[in-house]
Amino acid sequence: QVQVVESGGGLVQAGGSLRLSCAASGSIFSVNAMGWYRQAPGKRRELVARIVSGGTTNYADSVKGRFTISRDNSKNTVYLQMNSLKPEDTAVYYCNVITNLFVSYWGQGTQVTVSS
């Protein structure tokens, strides 16, 4: 059994910052990749940022230069620092964990709302 728990969402004004956290626990030998996705109402879920075990990161073009993903491998935890937030960043943000056996797990999601 694997649990993925996100925290840190909320309401912020445009230009503000939020930091999301995600911790994976349970029957995980090791984690291959961790990432953040988001889904706005009426839209498809999209990748925001991803970091693999070696530290390589990739970002959606829309968040490059504003968001930073980081990871604590010893705690199976991933963070998403979001700066210069825009109303279009409003969405439910989901954490995704891919284990060393390439099994994918999702968190329950955390709401991020950016007011104009």
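In the chain, the portion of solvent-accessible area held by carbon and sulfur atoms comes to 49 percent [1.4 Å probe, whole percent, DNA, RNA and ligands not counted]. When the chain is treated as a Gaussian network with alpha carbon springs shorter than 10 Å, the biggest mean-square fluctuation among Leu18, Leu47, Leu101 belongs to Leu101. Taken over the Cα atoms of region 51-111, the convex hull encloses 99 Å³ per residue. Taking packing as the residue-averaged number of other Cβ atoms within 10 angstrom, the listed peptides 9-16, 54-61 run from highest to lowest as 9-16, 54-61. Averaging the sequence gap over all C-alpha pairs within less than 8 Å and six or more residues apart, then dividing by the number of residues, gives the chain a relative contact order of 37 percent. Note on the chain: the alpha carbon radius of gyration divided by the globular reference 2.2 N^0.38 Å gives 1.01. The slack between Asn83 and Phe102, meaning 0.36 nm per residue of separation minus the straight C-alpha distance, is 3.8 nm. Among 79-92, 19-32, sorting by the average number of other beta carbon atoms lying within 10 angstrom of each residue, highest first, gives 79-92, 19-32. Based on protein heavy atoms only, the chain ends up with 53 Å² per residue of surface accessible to a 1.4 Å probe. Listed by chain and number, the aspartates and glutamates whose C-alpha is less than 16 Å from the C-alpha of Lys64, apart from same-chain residues fewer than 8 away, are Glu46, Glu88, Asp89.
The values are calculated or read from the model by the stated rules, or taken from the named source; none is laboratory data. Predicted model only: the values in this text are computed from it and were never measured. Here the Cβ is made from the backbone with ideal geometry for all residues, glycine too, and neighbour counts use every protein chain on show. Just so you know, the surface numbers come from the protein's heavy atoms only, side chains and all, with ligands and any DNA or RNA stripped out. Shrake-Rupley method; radii C 1.70, N 1.55, O 1.52, S 1.80 Å.
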